[in-house]
Each structure stands twice: as C-alpha cells, then as structure tokens.
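Reviewing the structure listed below.
Laboratory data are not the source of any read-out in this text; all were calculated from the coordinates shown. If you're wondering where the values come from, they're calculated on a predicted model, not measured in any experiment. No Cβ is skipped: glycine too gets one built from the backbone with ideal geometry, and neighbour counts run over all protein chains shown.
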Amino acid sequence: MNSQTRAIEHIKNCAGIPSFSSYEERLHPYILEQAERVDGVTVEKIPKNNLLVKIPGKSKGKPVALTAHLDKINHYGKDYPQKLPVNEKDGYLEGLLDDSVGVGILLSLMEQSAQRNFPTIYLLFSEMEESYGIQHHPELLKDDGKGLFHSMGAENLSRYIMEQNIKPGVIITVDASPLFKGKKGVALYSRHWEINEEKPSLALEQATNDVIKQLTSIEPGFRMSNNTNDYLTYGLFFNKDPFDPVPSIALEPAIYPYHQKDEKVAVDDILTVENALAAYLEKYES
C-alpha cells in the first residue's frame, strides 16, 4: 500500500472515530498504534487531550512542527453512532472530515519519515480547536464546557514546547478550508498577524515569504488567503522575539459543506497537500 493510499486510509479511520470536542482522547489509541509502528517515534500526552509526537530526522537544523486538531463537531447529539459514517465516492471523501484530513495527512508523513530525508518533525495534535460546541451546544461537552475555550490545545502545546526549549524553524497547520464554496482547491494561509491584530517584524514577514516561495515553487496552484484556526495561536505564541521569527502558515484543502455531517473533501486536494509537504520537508533547510 503506497503512502498516498495510506493517507486516505488514515483519514477514513480517523473520521470514523467520535472524537468530538472535549472527547479527543477517543482518537489517541489510533494515533499511538500508528506511532508504535515507526522506529524512534515518541508520543507525549499534554494535558488535557493533546498529543506531542516526535519523529527523529535525518537532516540537521531546526525541527519542523506540523499541526492538526483532533476534535470534531458533534452534529449527532448524545445519541451518536460509535462508528461515524465515512464514504469515498466519485473522487471525494465524505464524513466528519474537519480535521480528520489533517490528522490523516500527518500520520502518513510520519510513516514516510523512515524512508525519506526529512528533518526532525514534531506533530502537534490539539484539542478544542472548534468553538462551535462551546457557542452552540455546551451540554454536549464534558462538564457542560466549563473551563474550555477555543484553541486551548494549541495554546497548551505552545506553552509546553516553549518550556522544553523546542523552537521549530516553521509551523505548518493542516486543516480544511471553507473558502472555496464547493470548488476544488488548496488554500495557503500565512498572514496570521492580520487576524491577531499584531504588527509583524520585518524578519517575520521575510521568513514567512521564504516559506511561501518554497511551497509555491512545489505547487503553484495554492490559493493565498486567510482564515481563523490554530495557526493563529501558534503564530502569536512563537513570535514574541522580533529577531528570531517562526513562520506559522496553514495548508488547507477545500471542504464543502462546512461544519455539517456530510463534509466532502476531494481526494486530489488531499494528495496535493501531502505531496507538497513531503517535497518541502525533503528540501527543508532551517
């Protein structure tokens, strides 16, 4: 089974697990099972429901952080199926794909690391990226959502790896973009400072532009845009030092409809993201 097939298989498996917001631990056993199959990979659980996966690299320099969120929106209520429906038809996956797509792509890249010239990679799997449950159905969250907040997982992971003196050369979030309104495509978000209402340093702008150039040289068809997700949190936390910037960007295949049971993502778009990231990691120099 080739790596691209594995990515699709991982996405299907992840999408079938009811890892709703505040219940992300339901997805942990699957990730741990995959990590145990790759030599040298270690996994830490970061309270409450976040995972930090370290993949040793073959090339030197600063590590790369790849991120995806574990939580899904619960559109079923309290009477949900233990295995959520997932389908593949006419070149699309269908199911709860936000952010099963990101998790599946990252797991596939983890498997490829054994055969490819990647740098050291940290996979940041975060809880509570979705704010939908807090805003609309807190009764479906643990303890009615008490103490939970949007992007708390990305914040907790950021604090933890900074305390461990881990500073990536770049942080790339893989999620799904609602901006294409039913058309195929992949979005590249990069100007987190605009939504965070922060003034970027010249060094951060230059470093971010360098990453964009490298990625668009691999895949010129990326649509430059911006939107809210965990990449904003990573961009905010890792750029307090104006002279040592950490670019934070997001790569997101189109999803439609959005925040519904029957979300669809084109297989071609998924493989475009996976292939672009694999090529970028092989060429990466911090």
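Database remark: amide H of Gly57 closer than 5 angstrom to the amide H of Thr120, Ile121 (H placed geometrically; neighbours at sequence offset of 5 or more, or on other chains; Pro and chain starts carry no H).
Restricting the calculation to Cα atoms, the chain shows an Rg/Rh of 0.93 when the hydrodynamic-style radius is the Kirkwood one.
Of the GluC sites (Glu not before Pro) found in the range 27-114, those in coil by DSSP whose Cβ has at most 10 other Cβ atoms within 10 Å are Glu36.
Cβ crowding within 10 Å, taken as a proxy for footprinting-reagent exposure, orders Met110, Met152 from fewest neighbours to most as Met152, Met110. In plain terms, the chain from Ala279 to Asp143 could stretch by 44.6 nm, reckoned as 0.36 nm per residue minus the Cα-Cα distance. Take the Cα coordinates of the range 1-116, assign each an equal point scatterer, and use the Debye formula without solvent to give log10 I(q)/I(0) at q = 0.16, 0.20 Å⁻¹. Each listed q maps to, in turn, -0.77, -1.13. Centre-to-centre separation between the Cα atoms of the range 100-151 and those of the range 200-265: 16 Å.
Net charge of the neighbourhood of Lys78, taken over other residues with C-beta under 13 Å away and scored Lys/Arg +1, Asp/Glu -1, is -2. Across the chain, the longest piece that holds none of the chymotrypsin sites (Phe, Trp or Tyr not before Pro) lying in DSSP loops with up to 13 other C-beta atoms within 10 Å covers 1-148.
Expressed in nm to one decimal, what extension gain is obtained for the pair Glu205 and Val38 from 0.36 nm per residue of sequence separation less their Cα-Cα distance? Mind showing how you got there, number by number?
Details: separation 167, 0.36 × 167 = 60.12 nm, distance 3.56 nm.
Going from the current span to full extension adds 56.6 nm.
Checking understanding here: applying a Kyte-Doolittle mean of at least -0.5 and a length along the axis of at least 20 Å (C-alpha), which whole DSSP H helices in the chain pass? Don't skip to the end; give the middle numbers.
Working: long enough: 202-218 (25 Å, 0.27); 267-283 (24 Å, 0.37).
The qualifying helices are 202-218, 267-283.
Report the full-extension gain for the segment Asn87 to Asn117: residue separation times 0.36 nm, less the Cα-Cα distance, to one decimal in nm.
Working: separation 30, 0.36 × 30 = 10.80 nm, distance 3.34 nm.
Length gained between Asn87 and Asn117: 7.5 nm.
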